[in-house]
1. Please arrange ARG112, ARG16, ARG261, ARG55 by accessible surface area, largest first, computed with a 1.4 Å probe and ligands excluded.
2. Could you tell me which label, among (i) 6, 21, 24, 22, 16, 8, 3, 1, 0; (ii) 7, 31, 38, 20, 4, 0; (iii) 7, 27, 27, 17, 12, 7, 3, 0, carries the value of P(r) over Cα pairs in 10 Å bins from 0, in percent calculated for this structure?
3. Taking +1 at the Cβ of each Lys and Arg and -1 at the Cβ of each Asp and Glu, which of GLY245, ALA62, GLY206 sits farthest along the dipole of the chain towards its positive end, judged by Cα position relative to the Cα centre?
4. Can you give the accessible area of HIS113 in Å² (nearest 10), computed on protein heavy atoms with a 1.4 Å probe?
5. Which one, GLY74, LEU260, TRP43, projects farthest toward the positive side of the charge dipole computed for the chain from Cβ point charges (K/R +1, D/E -1)?
6. Using DSSP H assignments, which helices in the chain have an axial alpha-carbon span of 27 Å or above and a mean Kyte-Doolittle hydropathy of 0.5 or higher?
7. Using a 1.4 Å probe, what is the accessible area per residue for the chain, in Å²?
8. Whole Å is fine, so just give me how far the alpha carbon centre of region 16-77 lies from that of region 196-230.
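The values are calculated or read from the model by the stated rules, or taken from the named source; none is laboratory data. For clarity, every value in this text was computed on a predicted model and none was experimentally measured. Cβ placement follows ideal geometry from the backbone for every residue including glycine, while neighbour counts extend to all protein chains displayed. To get the accessible areas, we keep the full protein, side chains included, count just its heavy atoms, and leave off ligands, DNA and RNA. Shrake-Rupley method; radii C 1.70, N 1.55, O 1.52, S 1.80 Å.
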Amino acid sequence: MKETELQGNPFEIEQREWKRRQKNERWKQMLTIASPILLLMLWEFLSRTGLMDIRFFPPPTAIMGTFWEMISNGTLFEHIGISLYRIILGFLLGVIPGVVIGLLMGLYSPIRHFISPIVMALMPIPTLALLPIIIILFGIGDLSKVITIAGSVFFPVVINTVAGVINIDSIYLDVAKNYGAGKVNFFLKIALPGALPVMLEGIQMGQAIALLTIVAAEMMGATSGIGFLIWTSYKAFLLKEMYVGLILISFFGYLFSIMLRGLQKKMLPWR
């Protein structure tokens, strides 16, 4: 009888369900960690046994040795610092106007019809294709790299923000209007929270595009940065240094993605 009551106890059932979910989460985390480790082990094995050409695919342990050497002599920090500066500044200069303009386009039909043709016309053009013009206008310094990144980030953010606002349930808009919500409150308490889920997806996409753009931008007309490191190492056939740059870009992409996902969970705990 007691065993039957225990099995039917809602608290015990919920506790077992929570433990099951925790176990599943740990299993997923283990799989996430295992896949890159297995890939690196396979790479190491194929390189060491000569099944893969060591000239083009040096073993990961050798690449890590080069990585620590570049850290020790300080050359790597310069490239990382300048690239992060360009990425963060360009990302913010793309996200902030993208969010503001996207909210305005979603809320006000005249603004949407006025700006949409410009956005639709410019969005298919790769920002890197405009890089020569950007360099002519802003020079070959950091500003041209920042503008290039901002342009690449802006479009996915503005498009997703508009979609998020348009998809807000009309009942919330009607309630806000009926209660006389001011423009600022309407903007901050209805439009922004309502568009947030879709908008954050656009921002997530924007950070990935920012990393792709910085590498290509630093390969053209730059004297420092991770992209510059990758390109010059490739031209000099210093493939270990090139792989160090590629691994750094991969690492920062993963790190930024985790940070944005964490922010998304904090801001949208119900999702």
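1. ARG55, ARG16, ARG261, ARG112
2. The listed entry that was calculated here is (i).
3. Among GLY245, ALA62, GLY206, the one farthest towards the positive end of the dipole of the chain is GLY206.
4. 130
5. Selected residue: LEU260.
6. On the way: long enough: 10-48 (56 Å, -0.68); 75-107 (49 Å, 1.80); 142-166 (36 Å, 1.60); 192-218 (37 Å, 1.28); 239-267 (42 Å, 0.90).
Helix filter hits for the chain: 75-107, 142-166, 192-218, 239-267.
7. Numbers: 16770 Å² over 271 residues.
With the other protein chains kept in place, the chain gives 62 Å² per residue.
8. Answer, in whole Å: 23.
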